[in-house]
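Student: Let me give you the structure first, and then I'll get to my questions.
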Amino acid sequence: MARQLLAKGEKVLATTRRSEALSGLRSQYGDSLDVVPLDLTDATGLLAAVDGAFQRHGRIDVVVSNAGYGLFGAAEELTNAQIDAQIAANLTGSIHLIRAALPHLRRQGGGRILQVSSEGGQIAYPSFSLYHATKWGIEGFIEAVAQEVAGFGITFIIAEPGPTGTNFGANLVRAEALDVYEGTPAGAMRRAIDDGSFVLKGDAARTAAAIIAAAESAAPPLRLALGSTAYSSISQALSTRLAAVEAQRDVAYAADRQDL
């Protein structure tokens, strides 16, 4: 995404835990790329980085929250430390970033926050329970905050890409497998990841271009499904959920107070 924006002549402020990872882009685009070292789990450092970015550049039109990784394993296989680290990076870190940006966006009269989530913010795969917990969590947080700040001209986009050809899979943090799960859907997912049968239909460059186009549009959707896998899986999940709710109508209404 940063590469495409820079190629279009935009100015990009990029945060990274390893500044050297962006040295090539920095050499190519010079001052058009402002690189800020940042550990998203360091709340104090994050606030200082956001404040400093707005102080240096005056106005920032779009804030992108894209940090995170996948924790892979059945829920029972995960350690407490792995659970805490996943929540800190994917959920709490994104919440801190959004909260740090809000006062600046409000003071400048508005802006846009783009949260890169996943189809996993509306569906769930076995062996990704904590990853899904963070994605469902950040989407619920944003849906509420979007209502709170709409009057200040601040809007949100939640990008929900499906399985995409990036290094996400190679960077999965894996729990130690328990043999008892080998014959379960968790074991089947492990085998699919390992043998490559879990198909990554999404194209990273096309996905980034679609996200940029949405960020530049006048009235983007709150949620943006990206890729045919994301579209079909989210559509099916929502249809199934809606049918289940409709089947519970009588039970739901029977729980109301009768004196109103």
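The values are calculated or read from the model by the stated rules, or taken from the named source; none is laboratory data. None of these values were measured; they are calculated from a predicted model. No Cβ is skipped: glycine too gets one built from the backbone with ideal geometry, and neighbour counts run over all protein chains shown.
Student: Which members of the stretch 2-35 meet the condition of being modelled with pLDDT of 85 or more, out of contact with any strand residue (DSSP E or B) (no Cβ under 7 Å at 6 or more places or on another chain) and not in a helix (DSSP H, G or I)?
Tutor: 8, 9, 10, 11 - these are the residues of the stretch 2-35 that are modelled with pLDDT of 85 or more, out of contact with any strand residue (DSSP E or B) (no Cβ under 7 Å at 6 or more places or on another chain) and not in a helix (DSSP H, G or I).
Student: When you go through 10, 77 one by one, which is the residue that is over 20 Å from the mean Cα position of the chain (by Cα) and closer than 24 Å to residue 121 by Cβ?
Tutor: 77
Student: Let me ask something else. Kindly check whether there is at least one residue in the stretch 82-104 that is modelled with pLDDT of 95 or more, under 30 Å from residue 179 (Cα atoms) and surrounded by fewer than 16 Cβ atoms within 10 Å (Cβ to Cβ).
Tutor: Scanning the stretch 82-104 turns up at least one residue that is modelled with pLDDT of 95 or more, under 30 Å from residue 179 (Cα atoms) and surrounded by fewer than 16 Cβ atoms within 10 Å (Cβ to Cβ).
Student: So, one more: Would you confirm, using the coordinates I've provided, whether residue 177 is surrounded by 12 or more Cβ atoms within 10 Å (Cβ to Cβ) and part of a helix (DSSP H, G or I)?
Tutor: Spelling it out, it is not the case that residue 177 is surrounded by 12 or more Cβ atoms within 10 Å (Cβ to Cβ) and part of a helix (DSSP H, G or I).
Student: What number of residues within the stretch 156-174 are in contact with a helix residue (DSSP H, G or I) (Cβ under 7 Å, 6 or more places away or on another chain) and either exposed (fewer than 13 other Cβ atoms within 10 Å of the Cβ) or not hydrophobic (A, V, I, L, M, F, W, C) (or both)?
Tutor: 8
Student: Now a separate question. Among (1) on the phi < 0 side of the Ramachandran plot; (2) part of a loop (DSSP other than H, G, I, E, B); (3) surrounded by 13 or more Cβ atoms within 10 Å (Cβ to Cβ), which single condition is residue 137 missing?
Tutor: Only one criterion is unmet by residue 137, namely (2).
Student: Does the stretch 113-120 contain any residue that is within 10 Å of the chain's Cα centre (by Cα) and hydrophobic (A, V, I, L, M, F, W, C)?
Tutor: Yes, the conditions are met somewhere in the stretch 113-120.
Student: Another question about this same structure. Being under 15 Å from residue 118 (Cβ atoms) and within 22 Å of the chain's Cα centre (by Cα) is the requirement here; does residue 230 meet it?
Tutor: Criteria met by residue 230.
Student: Please go through the stretch 72-81 and pick out each residue that is part of a helix (DSSP H, G or I) and crowded, with 16+ Cβ neighbours inside 10 Å.
Tutor: The answer is 77, and nothing else.
Student: Okay, next question. From (1) assigned to a loop (DSSP other than H, G, I, E, B); (2) within 13 Å of the chain's Cα centre (by Cα); (3) modelled with pLDDT of 95 or more, pick out the condition that doesn't hold for residue 69.
Tutor: For residue 69, the failing item is (3).
Student: With (1) closer than 17 Å to residue 124 by Cα; (2) surrounded by fewer than 16 Cβ atoms within 10 Å (Cβ to Cβ); (3) at pLDDT below 95 as the list, and residue 184 as the residue in question, which single condition is left unmet?
Tutor: (3)
Student: Looking at the stretch 36-48, can you tell me whether even one residue there is within 22 Å of residue 149 (Cα to Cα), surrounded by 19 or more Cβ atoms within 10 Å (Cβ to Cβ) and at pLDDT below 95?
Tutor: Checked against the condition, which is being within 22 Å of residue 149 (Cα to Cα), surrounded by 19 or more Cβ atoms within 10 Å (Cβ to Cβ) and at pLDDT below 95, the stretch 36-48 yields at least one hit.
Student: Test residue 222 against the stated conditions and say whether it is buried (at least 18 other Cβ atoms within 10 Å of the Cβ), of a type outside the set (Ser, Thr, Tyr), under 20 Å from the mean Cα position of the chain (by Cα) and under 30 Å from residue 2 (Cβ atoms).
Tutor: No: the conditions fail for residue 222.
Student: Let me ask something else about it. What number of residues within the stretch 159-181 satisfy the criterion of being modelled with pLDDT of 95 or more and among the aromatic types (Phe, Trp, Tyr)?
Tutor: 1
Student: Which residues, counting only those in the stretch 1-58, are within 21 Å of residue 116 (Cα to Cα), out of contact with any Lys or Arg (no Cβ under 8 Å at 6 or more places or on another chain) and among the β-branched types (Val, Ile, Thr)?
Tutor: Residues satisfying the conditions are 12, 15, 16, 36, 41, 50.
Student: Criterion first (crowded, with 19+ Cβ neighbours inside 10 Å, aliphatic (A, V, I, L, M), closer than 25 Å to residue 103 by Cβ and more than 15 Å from the chain's Cα centre (by Cα)) does residue 142 satisfy it?
Tutor: When the stated conditions are applied, residue 142 does not pass them.
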